[in-house]
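To start, the structure under review is shown below, and the notes come after it.
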Amino acid sequence: MSARTTNPPVDHHVDDADDDDDSCFACQKPSGARAHECPRCTIAIYCSAACLKRDKKAHKSACDLMVGLAKIAMAQGTRDVDESGRTGRQIVDDLNELVELHGSMSLNSLCWLALNLSSTPGKARTHFIAISVSRNANPTSPRTLHSLIDVDVFPMTMLKDVDLLDGNGLYNPVKAFREEVKGMIEEYGKDMVFGGALVLLVELSDAEKTIPLRQAILEKCETGGILSHSMPMMCLQKATYETLFSALPHARNKPHWKACLAHALDGYAFCSYKRELSEEELALLGREAARREAGETTTIRR
């Protein structure tokens, strides 16, 4: 995927960020102790809400540049982003590990249940799943590195103006997702059921746990580095999920599929009550671990 780039304007705002007089970026008058600031970059300051609104279009290029630089700093590990001193890159790596360990057994099932794909297969093209987790200080196994805070389904329109950062540069997660689904369907053809579902994961600190999930996703998209974009592949046969639905019909409701995911992250089976993993599930985990060791992957993630 080609990187998205932003170019600064010839003489607008970039140098102003170094001024110490706190003058309004729009009218150059004193801003009055940072009365208003750009909510994205928090660098541009204004004397009034009217100036902030009037300058929005002119400030956009410089704002994109400053936000992009901040994301790059986090991705390269040059900024600490939590109280433990872990960098954005380290947090994203941990979230990618969560996707690897819980992708086929938990996240695939979650997508089918939360998006109700057996009844509304098109919902995977219009909605995404957001998951917030906290990092466990003393995990009992690699599968219990995180605990669930919240999970919900949101429309993809929520992400239309969002850019994330990977090794290739800035990208929009929805556009990237649709390109990847197209490629997956071309590669796997009739073996695919729906192609994939978009899942965004974000790790929150103890101080951030009370932030509503929608707000947390949008804020972390702006600060960069601590958001993982993944796309579980829906390659299992539909009959497998029809069996799941018949066994757990109540799991179509949010309280139940949320409990299923919480229990899975705690090391149990993906189930609405705490059930130990069966021998078959443990064997599946063993086969997946072997595939990862061989360099294979069951998910596409950033």
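The values are calculated or read from the model by the stated rules, or taken from the named source; none is laboratory data. All values reported here derive from a predicted model rather than from experimental measurement. FYI the Cβ positions are ideal-geometry reconstructions off the backbone, even for glycines, and counts take in every protein chain you see.
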Members of segment 117-140 that are at pLDDT below 90 and either in contact with a Lys or Arg (Cβ under 6 Å, 6 or more places away or on another chain) or not polar (S, T, N, Q) (or both): LEU117, PRO121, GLY122, LYS123, ALA124, ARG125, ALA137
Condition check for ILE226: surrounded by 17 or more Cβ atoms within 10 Å (Cβ to Cβ), under 26 Å from ASN96 (Cβ atoms) and at pLDDT 90 or above: no
Conditions (1) under 30 Å from ARG178 (Cβ atoms); (2) at pLDDT 75 or above: number failed by GLY267: (1)
Meets criteria (among the polar types (S, T, N, Q) and at pLDDT below 90) for SER104: yes
Qualifying residue in segment 277-294 (condition: of a type outside the set (Val, Ile, Thr), at pLDDT below 75 and surrounded by fewer than 11 Cβ atoms within 10 Å (Cβ to Cβ)): yes
Conditions (1) modelled with pLDDT under 50; (2) surrounded by fewer than 16 Cβ atoms within 10 Å (Cβ to Cβ); number of the one not met by LYS56: (1)
